[in-house]
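See structure below.
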Amino acid sequence: MISVVIPLYNEESVIPKLEQRLVDAAPLWGEEYEIILVDDGSSDNSLELLKVIANKYSFFKIIQLSRNFGHQAAISAGIKIAKGDAVVIMDGDLQDPPEELPRFLAKWKEGYDVVYAIRTRRKEGLIKRVSYFLFYRILGWISEIAIPLDSGDFCVMDKKVVRALNYEFPENIRFIRGLRAFAGFKQVGLTYERAERAAGDVKYTFPKLLQLALDGIFGFSTFPLRLSTYLGIFISIPSFCIGIFFIIHRILDFKIMGYSPSDTPGLATLGVGMFFLGGIMLIILGIIGEYLGRIYVEVKRRPFYIIDEIITSKSDVDNNHLNTEDKKLF
Ligand code: UDP
Ligand code: MG
């Protein structure tokens, strides 16, 4: 059996299309299936539409979160409930076509534990494409583990990987594509063309996207912390040489470009140096702050999502795959 997990936030305009495409594509998957739609605290009519769907088909399961916790948290909630032997993660806006799944599932059946999708072409604005391109390159360069380039959350995972994600990673800040790479197992990437959003506006607003990018970088690399050491060395070696030169220059008091030290007050040198170093120190402080803030979030141990309700047309929620702790919740 396979579970398909789809997070949704204010997607009322896409949901009817999504329902149609899923219902049409599901028979092609060649397995029994459940489709878990996670409502990430939508403020529009999404939840009502989802409830209707759950009433119509028994293979739909709706998880209603208590508020908007964000895409990564919504996925985390979905894969916790998923009980399939393979779990699929995809976006709700049909940018990850459900018709592509048979190719991915075939790889899983071949014995791969993670089949992740690599986007070949993005139908998005230039700025977004360039930012994504740079982000994945920088992340790949500085992260301690190899996170595949240009692959988002769209993937098929074997249940042992899902189990690891659910139970072996205690962290609250969930950068799923990074955790998935960290988890290891037999992984393979398949390319696909990312479609355009089927309807509605992008729900990943700029602040949310920036948050995701920072979670990826600061969650998977300590390189930024080391940056201050490198910068310090980079700046202090030439500074030391210049300092020695200044002393010699002062003692010998010879002219450079018509001036000798006795008639140049040196304000420019001081001013530039001060502002430059001040700027660098603020950046470094900010970087330390990023880690500190994340440590704070992690030590608080707050839940990263809260489930309000699970809605299915079946009378009881099947929870045999959960550990005893979670069984009490569902
Ligand atoms: N989404 C979510 N919670 C959020 C933001 C987005 O569950 O806070 C969902 C959204 O409904 C969609 C998926 O995450 O199914 C991807 O979002 P979107 O298409 O807006 O972003 P993209 O990845 O295309 O930039
Ligand atoms: Mg999208």
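Of Met274, Ile2, His249, which is farthest on the positive side of the dipole of the chain, counting Cα position, with +1 on Lys and Arg Cβ, -1 on Asp and Glu Cβ, and the Cα centre as origin?
Of the candidates, His249 comes out farthest on the positive side.
Could I have the simple spin-label model distance between Leu134 and Ala199, label points 7 Å from Cα toward Cβ, reported in nm to one decimal?
If labels sit at Leu134 and Ala199, their model points lie 3.6 nm apart.
Assuming 0.36 nm per residue, please report the length gained on full extension of the stretch His249 to Phe169 beyond their Cα-Cα distance. It would help to have the intermediate numbers written out before the result.
Details: separation 80, 0.36 × 80 = 28.80 nm, distance 5.95 nm.
Extra length from His249 to Phe169 when fully extended: 22.8 nm.
Hey, can you grab everything whose amide H is under 5 Å from the amide H of Val5? Only 5+ residues off in sequence or another chain; H modelled, so Pro and N-termini drop out.
Amide H to amide H, under 5 Å and 5 or more residues apart or across chains, Val5 pairs with Ile36, Val88, Ile89, Met90.
Given only helices, namely DSSP H runs of n ≥ 4 each adding -39500 (n - 2.57), what is the per-residue ellipticity at 222 nm of the chain, to the nearest 500 deg cm²/dmol? Could you put the intermediate results ahead of the total?
Details: 11 runs with 160 residues, N = 330.
Helix-only estimate at 222 nm: -16000 deg cm²/dmol.
Among Ile310, Ile127, Ile233, pick out the residue whose Cα is farthest towards the positive end of the charge dipole of the chain, where Lys and Arg carry +1 and Asp and Glu carry -1 on C-beta, about the Cα centre.
Farthest towards the positive end: Ile233.
Taking the chain as the reference, fit the longest principal axis to its C-alpha atoms, fit the long axis of helix 15-25 to the helix C-alpha atoms, and give the angle between the two in degrees, 0 to 90, nearest 10.
70 degrees
Roughly how tilted is helix 71-81, in degrees to the nearest 10 and between 0 and 90, from the longest Cα axis of the chain?
Between helix and principal axis, roughly 40 degrees.
Relative to the longest principal axis of the C-alpha atoms of the chain, give the angle of the C-alpha long axis of helix 206-220, reported between 0 and 90° and rounded to the nearest 10°.
So the inclination is approximately 80 degrees.
So how strong a dipole does the chain carry about its Cα centre when Lys and Arg Cβ are +1 and Asp and Glu Cβ are -1, to the nearest 20 debye? Intermediate results must be reported in sequence, preceding the final value.
On the way: 39 positive and 40 negative charges, 154 e Å.
Dipole size: approximately 740 debye.
Roughly what would the spin-label model give for Gln211 and Ser66, points 7 Å off Cα along C-beta, in nm?
1.7 nm
Could you identify which residue out of Ile287, Ile237, Ile15 has the top mean-square fluctuation in a GNM of the chain using Cα springs shorter than 10 Å?
Ile237
Could you order peptides 84-90, 290-296, 139-145 by the average number of other Cβ atoms within 10 Å of their residues, highest first? Numbers along the way, then the final one.
Details: 84-90: 24.1, 290-296: 12.6, 139-145: 14.3.
Peptide ranking by packing, descending: 84-90, 139-145, 290-296.
Report the FRET efficiency, 1/(1 + (r/R0)^6), for Phe223 and Lys17, where r is their Cβ-Cβ distance and R0 is 41 Å, rounded to 0.05.
Numbers: r = 42 Å, r/R0 = 1.02.
Efficiency computed from Cβ-Cβ geometry: 0.45.
Since every read-out is calculated from the coordinates, none of them should be taken as a lab result. The model shown is predicted, which means the values in this text are computed figures rather than measured ones. Positions of Cβ are generated from backbone atoms using ideal geometry, with glycine treated the same way; all protein chains shown enter the neighbour counts.
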